[in-house]
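For reference, the structure discussed in these notes is given below.
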Amino acid sequence: MATSSKDIWPLVKKRLGVRVNDHDELIELYTDEIGQRIRTYINATAVPEALTYTWAAMVASALSAEQLAVLFPPGEETVEFETTIGDTTVKPIKSVTAPSLPTVAVLDSVVFDYRGELNAFRKLRW
């Protein structure tokens with residue numbers, strides 16, 4: 001039996017400790033993207049049920065690598081200040097507020113990190 005992306009969401013939320021539903025679309029995006037990468041890597045039309053927890057771990061790894069500030073926003077905003085020395089003024093860098101889309105480099109890195117588990121399910125094409 002194959003695993004669907006809807007089965008992965010609760011596992012990813014538990015793994016990351018996310019209790020609110022504010023980030024479901026973001027988790028869905030990463031779940032679908034990693035699922036597609038798994039299917040491509042193992043040359044299958046569906047992700048096997050035995051890879052359920054591996055899939056959830058891969059999604060959690062990708063989310064924590066790219067979207068940690070979005071999932072767990074910093075507490076209170078720090079007071080911005082300027083430092084002036086002579087004619088030079090330095091301002092702090094503002095944090096990113098909009099979530100970024102999954103990047104190819106991070107997703108490829110996650111697939112590369114979990115290829116040991118994925119190789120057992122890989123099929124060759126002729």
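Quick one: is Gly116 at positive phi and modelled with pLDDT of 80 or more? In short, no. Residues in region 31-64 that are over 22 Å from Asn119 (Cβ atoms) and either at pLDDT below 90 or part of a strand (DSSP E or B) (or both): Leu63, Ser64. For region 76-93, indicate whether the set of residues that are at pLDDT 80 or above, in contact with an Asp or Glu (Cβ under 6 Å, 6 or more places away or on another chain), over 16 Å from Thr3 (Cα atoms) and not in a loop (DSSP other than H, G, I, E, B) is non-empty. Taking every residue of region 76-93 in turn, at least one turns out to be at pLDDT 80 or above, in contact with an Asp or Glu (Cβ under 6 Å, 6 or more places away or on another chain), over 16 Å from Thr3 (Cα atoms) and not in a loop (DSSP other than H, G, I, E, B).
The values are calculated or read from the model by the stated rules, or taken from the named source; none is laboratory data. This structure is a prediction, so every number in the text was calculated from the model and none was measured. Using ideal geometry, Cβ is built from the backbone for each residue, glycine included, and neighbour counts are taken over all protein chains shown.
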